[in-house]
């Protein structure tokens, strides 16, 4: 009975929120919020003068388009707007979230399904304000909370590049979201609480390189989308920016990017970080999971000066408290000792040939496990997932023949995986808590996207 009453109250509250959101929206409380304003912008002479897709191919636009391509790479746009096996930028990639599954839209120059009919102003408003043509509020899975910091010049260049792409007539896939999350009007409240549009403002106390790094990390690169903790409403925790987080639903752990926390970027040299960004491998470890995709689609294409700026900015970040490991399960000292003992033999049988008995690895091909901060992070999430699913380095110009680790999900049971992960987290001077077989079971059941 109580459950029915609660559901009834929830439904009434949801309808109330929708009604108020509609009322606020049509009253034009938010900047650029009224339909009249949007229509006036699109009917203005400046908007009408926007070049056609073919005009973007004229010689005078070549440098703008080239810069737009570079910036689109920096923003990793192709990774989200390309379905597996699909045409680049034609959309359709599923992004699971706690609120439902969203599908990226087609952003090619197709006039029916893409952005072929958009104006520069339409694109700017989507990037800067998170509002698509027709006053359609965009879900924050599209990182407009970060893209709002991008300069107008850079946004226009990205638009020029996208308009230069060949049209792909691919219909957009509808999102699969339950009520009330499928009601875009409710986003008015989310935006009022968590979104403040505004371009990046350089810090006069910092160097030009530091400010360039901040612009890329906080804006185009939107690193905080993965590496920051989120609250129950899907908004980034302002007190835990870049402090690490378990990526919802995907269940990979994006480690802290603060100078001292977890990966300890403050102890990396700038050259080490640049090499890692450029190739996906370093003497300290290799990129894997979602980070492997970022290196493959985005970071390897950036200039050394931009990568150095990113490294400079990240290495300067103050330590912030990381969120608690949501997958932590306490393991008794007796069980931890038993797991480590059993794990040593599993390691000798299956891992030592590549990573060596002393855990030092072999060059850049087989990353070291001894002293590897990604292995010893408080959450054992990534180590478990790599043992289960394998570790796949990105293929880059600097690492054209990447070495990969095979999956062991079919060979090792949950207890075995917990044992070997516990062993490598506690051997060779590593000092990290043991992991429970129950946690391995949980991650084995996570679907592979």
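All of the numbers you see were taken from the coordinates with simple rules; none came from a lab. Bear in mind the structure is a predicted one, so any value in this text is a computation, not a measurement. Note: ideal-geometry Cβ built from the backbone for every residue, glycine included; neighbour counts use all protein chains shown.
Just a few scattered comments:
- Cβ crowding within 10 Å, taken as a proxy for footprinting-reagent exposure, orders 200, 392 from fewest neighbours to most as 200, 392.
- Inter-site label distance for residue 304 and residue 269 at 7 Å from Cα along Cβ, in nm: 1.4
- Computed FRET value (nearest 0.05) for residue 238 with residue 203, which takes r as the C-beta separation and R₀ as 30 Å: 0.95
- Segment residue 78-residue 319, extension gain: residue separation times 0.36 nm, minus the distance between their alpha carbons: 83.6 nm
- At R0 = 35 Å, FRET efficiency that the Cβ-Cβ distance of residue 136 and residue 441 yields, to 0.05: 0.25
- Here the extension length gained between residue 404 and residue 362 equals 13.8 nm, from 0.36 nm per residue of separation less the Cα-Cα distance.
- The ranking of 203, 306 by Cβ neighbour count inside 10 Å, starting from the fewest, reads 203, 306.
- Förster radius 22 Å - calculated FRET efficiency between residue 260 and residue 330 (Cβ-Cβ, nearest 0.05): 0.25
- Extension gain, residue 293-residue 341: 0.36 nm per intervening residue step, less the Cα-Cα distance, totals 13.8 nm.
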